[in-house]
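Here the structure is laid out as structure tokens; the discussion comes afterwards.
Laboratory data are not the source of any read-out in this text; all were calculated from the coordinates shown. From a predicted model like this one, the values you see are computed outputs, not experimental measurements. Cβ: placed from backbone, ideal geometry, glycine included. Neighbour counts: every protein chain shown.
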Amino acid sequence: MAEEHPIIDLDDRDRARVTRDEGPRRRRLINRAASAYAIGAFVLGVAVGGIGVAEVQDSRDARTPAAAVAVVVIASSASGGGELSGSTARFDAQLTAVNAGPQPVTVRAIGVRLPGTVIDAAAQFRRLRPGEIGVMDVRVMMHCSVKPDPVPMRLSVETADHRTREVSYPMAYTGTAWQNRAVLLCGQGG
């Protein structure tokens with residue numbers, strides 16, 4: 001049997017009127033809707049991501065100052081007394097501490113233990129607000145042959161986030177009342 005080809009009768013008025021092909025138009029509409037959806041999802045993602053990054057940064061910024069330690073120590077004064085034991089000068093002195101950080105701190109311990117040099121705090125230190133200056137009594141033992149400059153002061157500091165941190169600060173010794181007292185006591189030994 002011969003292959004039949006469909007015949008389109010253009011004269012058939014019972015059939016619906018032939019319109020132009022709706023396929024490409026429909027695809028354009030679908031593509032536009034998909035593009036609009038993708039752009040909306042992208043914008044929403046950027047907004048949510050930006051908010052999330054901002055929250056993380058704000059949280060980090062809030063924690064960083066709470067953990068910051070900036071304490072400056074200065075050999076402020078030495079008592080008029082003291083003693084020379086062998087070649088070691090011993091005297092009471094005062095140390096000035098300045099909280100140069102953005103948050104309050106509490107200095108729990110301060111001192112130095114090096115060959116020929118020992119500096120110990122006489123009592124626990126109090127809390128220092130930002131910019132506040134505090135004075136601490138210390139006991140200094142310095143061998144007459146030792147001239148430490150700077151003195152690597154060690155501090156145990158509790159920060160605003162209630163954590164204890166160990167920090168070091170290079171304190172000047174040359175030209176201070178501490179050096180003057182040590183030289184005077186060491187000169188008495190002959």
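Side notes on the structure shown:
- Pair Ala172, Asp149: separation of 7 Å Cα→Cβ label points (nm): 1.0
- Which of Tyr173, Tyr37 has the fewest Cβ neighbours within 10 Å, and the rest in rising order: Tyr37, Tyr173
- Sum of side-chain charges, Val105 neighbourhood, beta-carbon under 12 Å (Lys, Arg +1; Asp, Glu -1): +3
- Count Lys and Arg as plus one, Asp and Glu as minus one, and take only other residues whose Cβ is under 14 Å from that of Val138; the net charge is then +2.
- Net charge of neighbours whose Cβ lies under 10 Å from the Cβ of Glu158, counting Lys and Arg as +1 and Asp and Glu as -1: +3
- Mean projected area of the Cα convex hull of the stretch 106-190, taken over all directions, amounts to 6.1 nm².
- Going from the residue with the fewest nearby Cβ atoms within 10 Å to the one with the most, His162, His143 rank His162, His143.
- Mean separation of Cα pairs under 8 Å and 6 or more residues apart, divided by the residue count, gives the stretch 75-190 a relative contact order of 31 percent.
- If the chain linking Val48 and Arg139 were pulled fully straight, counting 0.36 nm for each residue of separation and taking away their Cα-Cα distance, it would gain 26.9 nm.
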